[in-house]
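Written below as structure tokens is the structure these notes are about.
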Amino acid sequence: MWIYRVIRIFFSIFASAKMNTRIRHIQLFMLLMMAWLPISAEKVLSVEDSVAAAPQLDSIEVSILTCTPGKDMYAKFGHTALRIRDYTMNRDVVFNYGCFDYNATNFVLKFLLGKTDYLLNAEEFGYLKYRYGMLGDGVSEQVLNLNQEEANRLLVMLLENLRPENQEYRYNWLYDNCTERARDMIEKAVEGRIEYAGLLDEDVTVRDMLHKCLKESPWVSFGIDVILGEEIDRKVDRRVMMFLPDVFRMEADGAYIVRNDGGRSEYIANRDTVLEDVNAPDKTYFFLSPLFLFSLLLLCAVLLFIQELRRKKYTAWLDVVMHTFQGVAGLLVAFLFFLSEHPAVDSNWLVVMFNPIPLFYAAWLLYCYKKGRKNLLSYVNLAVTAGFMITMVLCLQSFNPAMWVLMSSFLVRALSQAHFTYHKGR
């Protein structure tokens with residue numbers, strides 16, 4: 001069902017990190033990690049006090065782990081995590097900001113409303129490697145060029161975030177996701193600032209970036225264009241562009257650390273491939289793409305209109321199906337537009353056409369057809385459809401090519417409805 005597919009697409013956009021069912025193991029990992037830092041259970045220290053109180057380990061290595069996009073919906077954009085190895089104490093732990101508890105009360109509703117709280121989790125590196133190895137996904141590693149004081153500071157901050165009262169945060173797929181959390185934590189630990197490579201063209205929009213990631217998944221790409229609006233077609237700075245794991249990896253690869261004392265060093269000290277991506281690219285067939293299928297729909301709409309003109313008789317079946325489809329999809333689009341806190345969904349011009357009203361119009365259309373009544377609302381439908389297609393040209397939002405074809409189908413059928421309503425009155 002189309003609406004089910006769109007909901008799955010929605011989850012793939014806003015839950016870019018894999019749902020981790022081992023949330024209950026957080027406490028176990030936390031106890032393991034607390035051996036690094038003697039923080040009192042009665043008193044929470046500040047980060048500065050914690051760094052001073054912590055044993056200054058001299059063999060900590062910090063890495064950025066970037067996981068390649070996977071086959072599943074939730075993994076289409078990849079993932080970012082932080083790996084901390086302590087060679088002296090023989091610990092190798094991954095900190096992951098991309099976890100959430102699916103069993104939480106009203107999870108799906110909260111997710112759609114944009115009120116999902118994600119979690120910082122810690123797991124053994126071996127488990128992550130095993131998990132992604134079983135999936136066939138790739139994992140690359142970038143070892144950070146941090147001094148030991150900076151590495152200790154980052155470890156303390158991660159441990160503070162791992163405390164039960166601190167580990168939750170309000171997830172935002174574009175402005176505060178698991179990749180950006182990892183980036184920001186590193187920046188806070190560095191004594192200075194990070195000067196990123198600046199490889200991306202500033203004219204590239206978020207929608208362009210999403211399309212590039214999903215070029216082998218045309219239906220997912222179409223679903224994104226249905227639910228996300230004008231906001232992702234505006235120019236954004238390079239910092240926002242790093243919401244995608246692979247973009248952050250590329251920007252970090254050529255970055256420099258500019259320290260407060262004037263020193264300048266490469267951000268990445270070493271690079272390694274933990275796992276090769278052994279998955280074959282997804283096969284895409286044009287005849288199964290939304291562009292091809294909606295082109296067939298447009299052809300059917302035109303041929304039906306021609307047949308109606310020859311027979312001088314209106315046929316309602318295709319219009320009822322199309323407007324029902326339009327209304328069902330509109331339930332999701334309108335819900336996100338009016339109620340969700342997710343970015344970009346409230347700037348979606350498609351809400352003009354995709355909302356629950358077509359469901360009532362489909363019923364009215366069928367009623368008029370069965371009773372032989374004039375459908376005066378057909379004039380309104382034609383005006384709204386034609387007006388929206390003009391809006392598609394003039395507004396700043398970019399529309400999927402398949403949407404242009406789909407809207408052309410609605411326009412042809414609106415012309416048919418208005419034509420026969422007009423001649424029924426003559």
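The values are calculated or read from the model by the stated rules, or taken from the named source; none is laboratory data. Please read all numbers here as calculations on a predicted model, not as lab measurements. Positions of Cβ are generated from backbone atoms using ideal geometry, with glycine treated the same way; all protein chains shown enter the neighbour counts. Remember, those area values only see protein heavy atoms, side chains included, never the ligands or the DNA or RNA. Shrake-Rupley method; radii C 1.70, N 1.55, O 1.52, S 1.80 Å.
Go through (1) under 30 Å from ASN260 (Cβ atoms); (2) loosely packed, with under 14 Cβ neighbours inside 10 Å; (3) hydrophobic (A, V, I, L, M, F, W, C) one by one and return the number of the condition LEU158 breaks.
Evaluating LEU158 over (1) under 30 Å from ASN260 (Cβ atoms); (2) loosely packed, with under 14 Cβ neighbours inside 10 Å; (3) hydrophobic (A, V, I, L, M, F, W, C) leaves (2) as the failure.
Restricting to the stretch 310-319, and then to whatever is among the hydrophobic types (A, V, I, L, M, F, W, C) and in contact with a helix residue (DSSP H, G or I) (Cβ under 8 Å, 6 or more places away or on another chain), can you tell me which residue is surrounded by the most Cβ atoms within 10 Å (Cβ to Cβ)?
If we take residues in the stretch 310-319 being among the hydrophobic types (A, V, I, L, M, F, W, C) and in contact with a helix residue (DSSP H, G or I) (Cβ under 8 Å, 6 or more places away or on another chain), then ALA316 is surrounded by the most Cβ atoms within 10 Å (Cβ to Cβ).
If you go through the stretch 183-227, how many residues are of a type in the set (D, E, K, R) and under 24 Å from MET73 (Cβ atoms)?
Summing the residues that are of a type in the set (D, E, K, R) and under 24 Å from MET73 (Cβ atoms) in the stretch 183-227 gives 6.
For the structure I just gave you, tell me whether ASP346 is more than 30 Å from ARG170 (Cα to Cα) and acidic (Asp, Glu).
no
Here is a yes/no grid of residues against (1) within 30 Å of the chain's Cα centre (by Cα); (2) surrounded by 13 or more Cβ atoms within 10 Å (Cβ to Cβ):
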residue	(1), (2)
MET241	yes, yes
MET250	yes, yes
GLY262	no, no
THR284	yes, no
LEU297	yes, yes
VAL302	no, yes
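Pick out the one residue from ILE227, ILE194, ILE186 that is in contact with a helix residue (DSSP H, G or I) (Cβ under 7 Å, 6 or more places away or on another chain), open to solvent by 10 Å² or more (accessible area, probe 1.4 Å) and modelled with pLDDT of 95 or more.
Answer to the check: ILE194.
Quick check, is LYS110 of a type outside the set (Ser, Thr, Tyr), open to solvent by 10 Å² or more (accessible area, probe 1.4 Å), in a helix (DSSP H, G or I) and more than 23 Å from VAL274 (Cβ to Cβ)?
yes
Are there any strands (runs of 3 or more DSSP E) wholly within the stretch 126-245 with 3 or more residues that are in contact with a Phe, Trp or Tyr (Cβ under 9 Å, 6 or more places away or on another chain), and if so which?
139-144, 168-170
What's the number of the only condition in (1) more than 24 Å from THR205 (Cβ to Cβ); (2) free of Cβ contacts under 8 Å to residues at least 60 places away in the same chain that VAL328 fails to meet?
(2)
Condition first: more than 30 Å from ARG264 (Cβ to Cβ) and among the small types (Gly, Ala, Ser). Now tell me which residues in the stretch 186-238 satisfy that.
If the condition is that a residue be more than 30 Å from ARG264 (Cβ to Cβ) and among the small types (Gly, Ala, Ser), then SER217, SER221, GLY223, GLY229 are the ones that fit.
Tell me, please, whether a residue that is part of a loop (DSSP other than H, G, I, E, B), within 30 Å of ASN145 (Cα to Cα), open to solvent by 60 Å² or more (accessible area, probe 1.4 Å) and at pLDDT below 70 can be found in the stretch 61-76.
no
One line per residue, one yes/no per condition, for (1) open to solvent by less than 70 Å² (accessible area, probe 1.4 Å); (2) under 30 Å from LYS283 (Cβ atoms); (3) modelled with pLDDT of 90 or more; (4) out of contact with any Asp or Glu (no Cβ under 8 Å at 6 or more places or on another chain):
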residue	(1), (2), (3), (4)
LEU31	no, no, no, yes
ALA35	yes, no, no, yes
ALA52	no, no, no, yes
LEU82	yes, no, yes, yes
CYS99	yes, no, no, yes
THR105	no, no, no, yes
LYS115	no, no, no, no
